[in-house]
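Chemist: Below: one structure in structure tokens.
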Number of protein chains: 2
Amino acid sequence: MADDDLLRATTEYLHEQIPLTRAMGVQVASYDGREVVVTAPLAPNHNHLGTAFGGSLSVMATLAGYALLWLELRDRTAHVVIRRSSLQFHRPIRGELRAHGRAPDATALAEFREDFARKAKARLELRVEIIEDGHVAVEFTGTFVAVR
Amino acid sequence: MADDDLLRATTEYLHEQIPLTRAMGVQVASYDGREVVVTAPLAPNHNHLGTAFGGSLSVMATLAGYALLWLELRDRTAHVVIRRSSLQFHRPIRGELRAHGRAPDATALAEFREDFARKAKARLELRVEIIEDGHVAVEFTGTFVAVR
């Protein structure tokens, strides 16, 4: 599957399966095998101060985690859920919401794949950053579980 | 202001200021001076498994925190933002999303009000639970800051 097709298919999957992502204008914008970037415009996601709503930022970080796992596993029978998360909000976002989900190191990822193949269940901790103008505005750590 | 009017006004304020809350069907359902309950239907908030989307649950918990602070402060010049949050997802939600935000003990609340009156800035940690059929499905702890 061409890269653009993969991004488009993942975006469509999100919109079909999680209707809130359509209302938010979420797009899976890029994936280079190490990092996924999930974006959304500010307009449907602003708060009472005209900056990005903390709840929308939390959603974006969660979605970057899901997208990373779906793209890594390439297995639509994998049911990915979130088990635990923590967020720190350092500064407001004034424009587009851009969540950068980073693949964990090769050892953790190999262990995750092996657990998933062998036990049909695997757990992984992922870090996501929401970045604007080179500054990390939000830091997210989430524990995700994939079950077949 | 009558109780129903206060709830309706707070719901309208949310819908106007944070458009995502309208897309999610969020309602401020009750407030007894100690606990606020914020609800949303499952339909616009389901995930790829047909249960409540983790991101929507995170939004509901954040909103219960905002609503509690707005209702406690009764001051629309107060700018409430979230600084930090942590969530634990214990079990899926299969029906309506109901977030219960509890006011902290009287001492913490008095200190928060005093700081806000004196320094025009105050910080408060709030706990929110999302409950279904008597079971706590999601636990949230958030640190909120109010600035005038």
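Chemist: Any idea which residue in region B:29-52 is nearest to A:Ile82 (Cα to Cα), counting only those that are part of a strand (DSSP E or B), in contact (Cβ under 8 Å) with a residue 24 or more places away in the chain and away from every other protein chain (no Cβ under 14 Å)? Step through it out loud before you land on a result.
Modeler: Let us first name the residues in region B:29-52 that are part of a strand (DSSP E or B), namely B:29-31, B:35-40, B:46, B:52.
Going one step further and asking which of them are in contact (Cβ under 8 Å) with a residue 24 or more places away in the chain, we end up with B:29, B:31, B:35-40, B:52.
Add one more test, that the residue is away from every other protein chain (no Cβ under 14 Å), and what stays is B:29, B:31, B:35-37, B:39.
On the way: B:Ala29: 27, B:Tyr31: 29, B:Glu35: 27, B:Val36: 25, B:Val37: 23, B:Thr39: 21 Å.
Once the filter is applied, the top-ranked residue is B:Thr39.
Chemist: Please determine whether any residue of region B:92-113 is in contact (Cβ under 8 Å) with a residue 60 or more places away in the chain and among the basic types (Lys, Arg). Break it down into steps so the answer makes sense when it comes.
Modeler: Of all residues in region B:92-113, those in contact (Cβ under 8 Å) with a residue 60 or more places away in the chain come to B:98-103.
From the residues that got through so far, the ones that are among the basic types (Lys, Arg) too are B:98, B:102.
Within region B:92-113, one or more residues are in contact (Cβ under 8 Å) with a residue 60 or more places away in the chain and among the basic types (Lys, Arg).
Chemist: Checking B:Pro19 against (1) at the interface with chain A (Cβ under 9 Å from one of its Cβ atoms); (2) surrounded by fewer than 18 Cβ atoms within 10 Å (Cβ to Cβ); (3) over 18 Å from B:Gly95 (Cβ atoms): exactly one of these is not met. Which one?
Modeler: (2)
Chemist: Okay, moving on. Keeping to region B:53-75, report how many residues are more than 10 Å from every other protein chain (Cβ to nearest Cβ) and aliphatic (A, V, I, L, M).
Modeler: Going through region B:53-75, the residues more than 10 Å from every other protein chain (Cβ to nearest Cβ) turn out to be B:64, B:67-69, B:71-75.
Checking the rest, the ones that are also aliphatic (A, V, I, L, M) come to B:64, B:67-69, B:71, B:73.
The qualifying residues number 6.
Chemist: Another question, then. Of all residues in region A:48-58, which are closer than 19 Å to B:Glu12 by Cβ and crowded, with 24+ Cβ neighbours inside 10 Å?
Modeler: Applying the first criterion (closer than 19 Å to B:Glu12 by Cβ) to region A:48-58 yields A:48-50, A:53, A:55.
Hits for region A:48-58 are A:Phe53, A:Gly55.
Chemist: Could you list, in sequence order, all residues of region A:1-16 that are touching a helix residue (DSSP H, G or I) at 6+ places or on another chain (Cβ under 9 Å) and surrounded by fewer than 14 Cβ atoms within 10 Å (Cβ to Cβ)?
Modeler: Correct list: A:Met1, A:Glu16.
Chemist: Residues being under 14 Å from B:Gly142 (Cβ atoms), among the basic types (Lys, Arg) and within 13 Å of the chain's Cα centre (by Cα): count how many of those fall in region B:67-110.
Modeler: 1
Only the coordinates and a few stated rules stand behind these numbers; no lab work does. Note that the coordinates shown come from a computational prediction; the quantities given were computed from them, not determined experimentally. Positions of Cβ are generated from backbone atoms using ideal geometry, with glycine treated the same way; all protein chains shown enter the neighbour counts.
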